[in-house]
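To keep things clear, I will list the structure first and then write my remarks on it.
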């Protein structure tokens, strides 16, 4: 606690702006870093060392890639479409965007997406005071099919099979995204084989 202010223990990552809005000056922020309550991640973000909620590597994405979106195998894993557990967080950013500081941990695998691919299907997952951006399940499946050479053919097949088993699947959205992102024919071929 600094000067009567107490950080919420259910938020893992804070931006400088959030801390200032909560009444913390640069001096108070530096005091919290010195006493070990905050860990400086980069110029704009801090990690709350007293955080006591559910841990997720995805929460770090906003600190290192503020406009980044969890994608590919990390998103597939989040939606339980694959048994594969990635050892890094797959993050999409716009083609001309830059990431100034890369963390030692968690490891981020950055993918540069063209505008249409980047902007399509983004959702924000809110978990208490924590949040991250991720592609919806259909966009995730389309990206996996489009990047099947990188992802692996077996993994792609597993993800599609698991997607088709979901009660909440939306094949119309899946095909619309696939057409929009120029892999409609490949998607139809996969679906014909699997359905």
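Brief remarks on what is shown
- Of all residues in the range 116-137 being under 19 Å from residue 175 (Cα atoms) and surrounded by fewer than 16 Cβ atoms within 10 Å (Cβ to Cβ), the one that is farthest from the chain's Cα centre (by Cα): 116
- When the range 42-54 is filtered for residues that are closer than 16 Å to residue 101 by Cβ and not in a loop (DSSP other than H, G, I, E, B), the ones remaining, listed by number, are 45, 46, 47.
- Flag if residue 106 is assigned to a loop (DSSP other than H, G, I, E, B), in contact with a helix residue (DSSP H, G or I) (Cβ under 6 Å, 6 or more places away or on another chain), surrounded by 14 or more Cβ atoms within 10 Å (Cβ to Cβ) and assigned by TED's automatic domain parsing to the domain that holds residue 123: yes
- Here is the figure for the range 151-195: residues that are in a helix (DSSP H, G or I), in contact (Cβ under 8 Å) with a residue 60 or more places away in the chain and within 16 Å of residue 117 (Cβ to Cβ) total 2.
- Exclusive hit being surrounded by 15 or more Cβ atoms within 10 Å (Cβ to Cβ) and at pLDDT 95 or above, set 141, 151: 141
- Residues within the range 5-19 that are surrounded by 14 or more Cβ atoms within 10 Å (Cβ to Cβ) and outside any loop (DSSP other than H, G, I, E, B), tallied: 6
- Any hit, the range 63-74, residues being touching a helix residue (DSSP H, G or I) at 6+ places or on another chain (Cβ under 9 Å), at pLDDT 95 or above and surrounded by fewer than 14 Cβ atoms within 10 Å (Cβ to Cβ): no
- Identity of the residue in the range 42-62, out of contact with any helix residue (DSSP H, G or I) (no Cβ under 8 Å at 6 or more places or on another chain), free of Cβ contacts under 8 Å to residues at least 60 places away in the same chain and closer than 27 Å to residue 121 by Cβ, that ends up surrounded by the most Cβ atoms within 10 Å (Cβ to Cβ): 60
- Unmet criterion (only one of (1) surrounded by fewer than 16 Cβ atoms within 10 Å (Cβ to Cβ); (2) outside any strand (DSSP E or B); (3) touching a strand residue (DSSP E or B) at 6+ places or on another chain (Cβ under 6 Å)) for residue 39: (2)
- Only listed residue being free of Cβ contacts under 8 Å to residues at least 60 places away in the same chain and either in contact with a strand residue (DSSP E or B) (Cβ under 9 Å, 6 or more places away or on another chain) or assigned to a helix (DSSP H, G or I) (or both), chosen from 142, 125: 142
The values are calculated or read from the model by the stated rules, or taken from the named source; none is laboratory data. Just so we're clear, the structure is a prediction, and the values are computed from it rather than from any experiment. Positions of Cβ are backbone-derived with ideal geometry, glycine not excepted, and every protein chain shown enters the neighbour counts.
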